[in-house]
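Structure record follows, encoded as C-alpha cells.
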Amino acid sequence: MESGAIFQMVVTKGSLIGLMRWALSIPLAIPLIHLLDNLLGSALMTISLSCLLSTPGILAWIVIALVISAIESLFSVRNAVRLINRKVLAYE
C-alpha cells in the first residue's frame, strides 16, 4: 500500500471521528447549557438566564472539530508513513 493511500485513509478516518464527536456534543451540550444558565443566573443575578443555541455557533464548532481532527490525523499519518518506510528499508 502506498503512502498516499494510507494518508487518505487516516485523514478520512480522523475527520469522520471528528464529525461524530461534534454530532454527539450537540445533544450533550443542551442540558449542560441549561444547568449552567440556571446555576450562574441564580448565583450572580438571582434570576435564571435564558438559554439559546445559535446556528452560527453550532456551525463554527463543526469547523473547529474538523480542523482539529484533520491536524491530529496529519501528525499520526506522518508517523505511520515513516514507520512503514523504515520497515520496508529494513526488510530489503
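A short reminder: the numbers here are calculations on the coordinates, not readings from a lab. Note that the coordinates shown come from a computational prediction; the quantities given were computed from them, not determined experimentally. Methodologically, a virtual Cβ is constructed for each residue, glycine included, from the backbone with ideal geometry; neighbour enumeration extends over all protein chains shown.
What number comes out for the charge environment of residue 14, summing +1 per Lys or Arg and -1 per Asp or Glu over other residues with Cβ under 13 Å away?
+2
Over the alpha-carbon set of segment 1-85, divide Rg by the Kirkwood Rh and report the Rg/Rh ratio to two decimals.
Numbers: Rg = 19.1 Å, Rh = 15.3 Å.
Radius of gyration over Kirkwood radius for segment 1-85 works out to 1.25.
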